[in-house]
1. Output the residues belonging to the stretch 107-116 that are in contact (Cβ under 8 Å) with a residue 24 or more places away in the chain and assigned to a strand (DSSP E or B).
2. List the number of the failed condition for residue 28; all other conditions in (1) modelled with pLDDT under 95; (2) exposed (fewer than 13 other Cβ atoms within 10 Å of the Cβ); (3) part of a loop (DSSP other than H, G, I, E, B) hold.
3. Just to verify a result, which residue in the stretch 91-106, among those that are more than 16 Å from the chain's Cα centre (by Cα) and part of a strand (DSSP E or B), is surrounded by the most Cβ atoms within 10 Å (Cβ to Cβ)?
4. Looking at the structure I just gave you, is residue 88 at pLDDT 95 or above, in contact with a Phe, Trp or Tyr (Cβ under 6 Å, 6 or more places away or on another chain) and open to solvent by less than 80 Å² (accessible area, probe 1.4 Å)?
5. Can you name the residue in the stretch 68-85 that is among the hydrophobic types (A, V, I, L, M, F, W, C) and outside any strand (DSSP E or B) and is also most open to solvent (accessible area, probe 1.4 Å) among such residues?
6. Pull up the stretch 150-163, narrow it to residues that are open to solvent by 50 Å² or more (accessible area, probe 1.4 Å) and either aliphatic (A, V, I, L, M) or in contact with a helix residue (DSSP H, G or I) (Cβ under 9 Å, 6 or more places away or on another chain) (or both), then point me to the one that is farthest from residue 115 (Cα to Cα).
7. When both residues are 6+ apart or on different chains and their Cβ atoms are under 9 Å apart, which pairs have a first residue that lies in the stretch 37-63 and is aromatic (Phe, Trp, Tyr), and a second that is in a helix (DSSP H, G or I)?
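The values are calculated or read from the model by the stated rules, or taken from the named source; none is laboratory data. Quick caveat: nothing in here was measured; it's all calculated off a predicted structure. Positions of Cβ are generated from backbone atoms using ideal geometry, with glycine treated the same way; all protein chains shown enter the neighbour counts. To get the accessible areas, we keep the full protein, side chains included, count just its heavy atoms, and leave off ligands, DNA and RNA. Shrake-Rupley method; radii C 1.70, N 1.55, O 1.52, S 1.80 Å.
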Amino acid sequence: MTLKAGFALGLAFAFAAVLPTFAEAHGPTRQKVKETIEINAPVDKVWAAIGNFQDMSWHPAVEKTEGEGGNEPGATRTLTLKGGAPVEEILDRYSAENRMLKYRITKVAVEAIPVTNYSSTLSAEDAGGKTLVTWRGAFYRGYPNNDPPENLNDAAAIKAVTGIYQAGLTALKASLEAGG
């Protein structure tokens, strides 16, 4: 074996030994959750319930909503969850015509919602006299480094966001179909 070939072979072995370390050393990946529900109510009625960024009283986990800026991009709100935890959010996009709002969390205790860098879209679309409501979010787990504790890992983040979406959409459906 020539010196050159030996060097190349040694380099290949060195990379092979290091590559698994790089693969294991990456941080968290962006997670996504999407929940959809069909509500037996006209889309305008549903949008009237969910389309005001300053009002999230339709969600059973929200005790109080306070905010400024209405439905203009840059508007802010603070949700006080039952139990007292605050969640601060900002509105990024709003379209009454498309019945869609996009917002993100700017501050939340990971003990309340175990996520970071969370953004979400809530929309309503006509489904032949009924309404299809879609709530989707993208986020990172609450612990940004490797080896997160169980309560701040990807599974905990996905479970928390899925639970928030399902509880909100189920309550919205029950309220609107009961005439609320």
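1. 115, 116
2. Unmet for residue 28, out of (1) modelled with pLDDT under 95; (2) exposed (fewer than 13 other Cβ atoms within 10 Å of the Cβ); (3) part of a loop (DSSP other than H, G, I, E, B): (2).
3. Applying the filter and picking the extreme gives 94.
4. On the way: at pLDDT 95 or above: yes; in contact with a Phe, Trp or Tyr (Cβ under 6 Å, 6 or more places away or on another chain): no; open to solvent by less than 80 Å² (accessible area, probe 1.4 Å): yes.
So residue 88 fails the test.
5. 85
6. Of the residues in the stretch 150-163, the ones open to solvent by 50 Å² or more (accessible area, probe 1.4 Å) are 150-151, 155, 158-159.
Among the residues that remain, those that are also either aliphatic (A, V, I, L, M) or in contact with a helix residue (DSSP H, G or I) (Cβ under 9 Å, 6 or more places away or on another chain) (or both) are: 150, 155, 158.
Numbers: 150: 13, 155: 11, 158: 9 Å.
Here the residue is 150.
7. 58/49; 58/50; 58/168; 58/171; 58/172; 58/175; 58/176
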